[in-house]
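Trainee: Sharing a structure below in structure tokens format, with a few things to ask.
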Amino acid sequence: MTAAGTAPEGTAPLVDLRGLGKVYPTRTGDVTALTGVDLQIADGEFVAVVGPSGCGKTTLLKILAGLEQHTAGHGTLHGTDLGRPSGDAGMVFQKATLLPWLDVLANVLLPVTLDHRATAADREKALGLLRMVGLEDFATKRPGELSGGMQQRVAICRALVHDPSLLLMDEPFGALDAMTRDALNVEVNRVWRETHKTAVLITHSIPEAVFLAERVVVMSPRPGRVVDEVAIPFGTVRTPDLMGTPEFGALSARIRRHFEVKAA
Ligand SMILES: Nc1ncnc2c1ncn2[C@@H]1O[C@H](COP(=O)(O)OP(=O)(O)OP(=O)(O)O)[C@@H](O)[C@H]1O
Ligand SMILES: [Mg+2]
């Protein structure tokens, strides 16, 4: 197990957060979403973040994506200060948020086309990503013609098309049924291995976190901070039979203990 707030030794962290805090000013007063978050994430690592609703998980991802600014502490991505959209992170949200009037290929290419007209190489890259998630035959379909799970696969391709260092996923499969979710988790594991991305996954599912991550970060209730980190020593290739092993159960139980409601 690693100590709270530390990345594996001997690797320069891709993400380095020191005492990070976030206060939202609101009409009814300040809301402290995050406080004293210390977290390092190594290049290529897969980290899952679990924590109670409202503890600041989405806020943390938005700060990593440069969509929100932290209000205390210090944070870097690739050694560059966080605080403005870097383009070095791709984000997958709980809902796929695809544009219904564009076909699948155009949706995947969207981050590219916001910057420049898509080149043949861009289209090849997007088609390669669709092939990786088994959707090469759906490139000309509209999002409305796809299932929810297929739409989330498209959203993952969209997040990867501009080749960011960081793949950020915020409860990407929360709205899907359990079987689809399990199948997509196997796919996310493969995508992570094939693309060599650094991945941060927020999930309310402890088994999903243990199945996918190399390290599970546990956050406290709001204001969120890191209260535990659990190393998941199952190697990089994860298959569904892993979930039936005693080791998987023991790691899940250790994480679950943080969320047990104490009997009165
Ligand atoms: N734009 C905002 N303005 C004001 N307060 C906000 C804003 N975004 C989030 N908050 C507050 O910050 C806290 C953390 O919100 P956040 O969405 O990061 O939590 P979360 O851990 O992702 O929750 P959930 O698990 O329910 O998605 C909450 O109290 C929320 O009300
Ligand atoms: Mg959230």
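The values are calculated or read from the model by the stated rules, or taken from the named source; none is laboratory data. Model, not experiment: these values are computed from the prediction. So basically every Cβ, Gly included, is an ideal-geometry build from the backbone, and we count neighbours across all protein chains shown. Ligands, DNA and RNA are excluded from the accessible area calculation, which covers all protein heavy atoms including side chains. Shrake-Rupley method; radii C 1.70, N 1.55, O 1.52, S 1.80 Å.
Trainee: In the full protein assembly as shown, how much of T71 is accessible to a 1.4 Å probe, in Å² to the nearest 10?
Mentor: Approximately 80 Å² for this residue.
Trainee: Still on this structure, I have one more. Once you charge only the Cβ atoms, +1 for Lys and Arg and -1 for Asp and Glu, what is the size of the charge dipole of the chain about its Cα centre, to the nearest 20 debye?
Mentor: Dipole of the chain, to the nearest 20 debye: 580 debye.
Trainee: Could you give the accessible area per residue of the stretch 101-163, probe 1.4 Å, as a whole number in Å²?
Mentor: 50
Trainee: Determine how large the accessible area of H70 is when every protein chain is in place; take a 1.4 Å probe and give Å² rounded to the nearest 10.
Mentor: 40
Trainee: Can I ask one more? Could you please state, rounded to a whole Å, how far the C-alpha centre of the stretch 80-115 is from the C-alpha centre of the stretch 195-227?
Mentor: 22
Trainee: For the ranges 153-161, 226-234, what's the packing order if you count other beta-carbon atoms within 10 Å of each residue, average per peptide, and put the highest first?
Mentor: 153-161, 226-234
Trainee: Right, another one. Out of all DSSP beta bridges with both ends in the chain, state the antiparallel percent to the nearest 5.
Mentor: If we restrict to bridges inside the chain, about 55 percent are antiparallel.
Trainee: Could you work out what % of the accessible surface of the stretch 1-134 is carbon and sulfur, using a 1.4 angstrom probe and leaving DNA, RNA and ligands out of the count?
Mentor: Answer for the stretch 1-134: carbon and sulfur cover 54 percent of the accessible area.
Trainee: Please express the Cα-Cα pair-distance distribution P(r) of the chain as a list of whole percents, one per 5 Å bin, running from 0 to the bin with the greatest distance.
Mentor: 1, 6, 13, 17, 19, 17, 13, 9, 5, 1, 0, 0, 0
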